[in-house]
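Here the structure comes first, spelled out in structure tokens, and everything after it is commentary.
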Amino acid sequence: MSFLAKLILRIAGWEVVITAPDYPKCIICVAPHTSNWDFILGKLAYMSVGRKAGFLMKESWFFFPLGLFFKSIGGIPVPKKRGSSLVDLLINKFNSS
């Protein structure tokens, strides 16, 4: 998968240089983003260096069959309704991964 991500980025004219260490667990905040292309390029860049990362995304994007794809690449749906604890969800996800 790393090779394919590198190839796609190379064709698009991108070169990925990462200087941050590869910690076993961490949380990276990426904001603000200007378009949905930021997500695609960021995911490809991280994959191209052989690292795995999950991501948060609006729950409304997790409909069938797109939801299966997003979950398979590390997507975590963010519930819109009040009373749901995103913090608890993320703590459990972080501790179990």
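Coordinate-derived values only; no laboratory data. Just so it is clear, the structure is predicted and the values come from calculations on it, not from any experiment. FYI the Cβ positions are ideal-geometry reconstructions off the backbone, even for glycines, and counts take in every protein chain you see.
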Seminar exercise, completed: In whole Hz, the Karplus estimates of ³J(HN,Hα) for the stretch 14-29 (6.51, -1.76, 1.60; θ = phi - 60°; x where Gly or Pro) are 9, 10, 9, 10, 10, 10, 6, x, 8, 6, x, 9, 6, 10, 10, 9
Seminar exercise, completed: For MET57, other-chain or 5+-apart residues with amide H closer than 5 Å (H placed, Pro excluded) are ILE76, VAL78
For this session: Counting only C-alpha contacts under 8 Å and six or more residues apart, can you give the relative contact order of the chain as a whole percent?
Result: 27 percent
Seminar exercise, completed: Along principal axes, largest first, the alpha-carbon spread of the stretch 1-52 in whole Å comes out as 30, 25, 18
Exercise. Over the chain, what lengths in whole Å, largest first, do the semi-axes of the equivalent ellipsoid take, defined as the square roots of 5 times the eigenvalues of the alpha-carbon gyration tensor?
Worked result: 25, 17, 13
Seminar exercise, completed: Longest principal axis of the chain (C-alpha) makes with the long axis of helix 36-48 (C-alpha) an angle, in degrees to the nearest 10, of 60 degrees
For this session: State to the nearest 20 debye the size of the charge dipole of the chain about its Cα centre, where the only charges are +1 on K and R beta carbons and -1 on D and E beta carbons.
Result: 220 debye
